[in-house]
1. Being among the aliphatic types (A, V, I, L, M), modelled with pLDDT of 95 or more and under 12 Å from the mean Cα position of the chain (by Cα), is that true of even one residue in region 39-46?
2. Could you list, in sequence order, the residues of region 20-77 that are within 14 Å of Lys8 (Cα to Cα), among the hydrophobic types (A, V, I, L, M, F, W, C) and outside any helix (DSSP H, G or I)?
3. Does any residue of region 19-32 turn out to be surrounded by 12 or more Cβ atoms within 10 Å (Cβ to Cβ) and closer than 15 Å to Cys3 by Cα?
4. Ser4: of a type outside the set (D, E, K, R), surrounded by 14 or more Cβ atoms within 10 Å (Cβ to Cβ), in contact with a Cys (Cβ under 9 Å, 6 or more places away or on another chain) and without any contact (Cβ under 8 Å) to a residue 12 or more places away in the chain, yes or no?
5. Among the residues of region 68-77, which ones are touching a residue at least 60 places away in the same chain (Cβ under 8 Å) and over 16 Å from Gly33 (Cα atoms)?
6. Please indicate, with yes or no, whether at least one residue in region 48-62 is touching an Asp or Glu at 6+ places or on another chain (Cβ under 8 Å) and not β-branched (Val, Ile, Thr).
7. Being at negative phi, without any contact (Cβ under 8 Å) to a residue 40 or more places away in the chain and open to solvent by less than 70 Å² (accessible area, probe 1.4 Å) narrows it down to one residue among Asp64, Asp54; which is it?
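The values are calculated or read from the model by the stated rules, or taken from the named source; none is laboratory data. Keep in mind that what you see is a predicted model, and the values were worked out from it rather than measured. We place every Cβ from the backbone using ideal geometry, glycine too, and count neighbours over all the protein chains shown. Areas reflect the complete protein model, heavy atoms only, side chains present, ligands, DNA and RNA absent. Shrake-Rupley method; radii C 1.70, N 1.55, O 1.52, S 1.80 Å.
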Amino acid sequence: IKCSLCTKALKKIQKLAGDDPDEDAVKAALQKGCQLLGRVLGKLCQKMVSQYKDQISEELQNGDSPRTICSAIGACK
């Protein structure tokens with residue numbers, strides 16, 4: 001569950017952030033992306049985002065794929 005939630009959340013966040021996001025775009029997308037997942041998944045998403053915010057933000061700005069980012073934070077094997 002963790003891996004699919006992570007990739008699903010980051011795909012949404014990546015789409016919201018746009019093609020070449022800066023830090024502010026990523027921050028806004030991180031907040032909005034979790035809300036789009038609904039209440040239960042949104043809470044899990046928020047937890048993941050607050051724990052790994054800097055890493056996720058940096059890797060999204062580098063253009064890494066959701067799967068790569070989720071592996072980096074340990075959500076996917």
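1. Initial filter on region 39-46 (among the aliphatic types (A, V, I, L, M)): 40-41, 44.
In the following step, the residues that additionally are modelled with pLDDT of 95 or more were identified as none.
There is no residue in region 39-46 that is among the aliphatic types (A, V, I, L, M), modelled with pLDDT of 95 or more and under 12 Å from the mean Cα position of the chain (by Cα).
2. If the condition is that a residue be within 14 Å of Lys8 (Cα to Cα), among the hydrophobic types (A, V, I, L, M, F, W, C) and outside any helix (DSSP H, G or I), then Leu36, Leu37, Ala75, Cys76 are the ones that fit.
3. no
4. Values: of a type outside the set (D, E, K, R): yes; surrounded by 14 or more Cβ atoms within 10 Å (Cβ to Cβ): no; in contact with a Cys (Cβ under 9 Å, 6 or more places away or on another chain): yes; without any contact (Cβ under 8 Å) to a residue 12 or more places away in the chain: yes.
No, not satisfied.
5. Scanning region 68-77 gives Ile73, Ala75, Cys76, Lys77.
6. Of the residues in region 48-62, the ones touching an Asp or Glu at 6+ places or on another chain (Cβ under 8 Å) are 57, 61.
Retained after the next criterion (residues that are not β-branched (Val, Ile, Thr)): 57, 61.
Yes, region 48-62 contains a residue that is touching an Asp or Glu at 6+ places or on another chain (Cβ under 8 Å) and not β-branched (Val, Ile, Thr).
7. Details: Asp54 fails: open to solvent by less than 70 Å² (accessible area, probe 1.4 Å).
Just a single option satisfies the conditions, and that option is Asp64.
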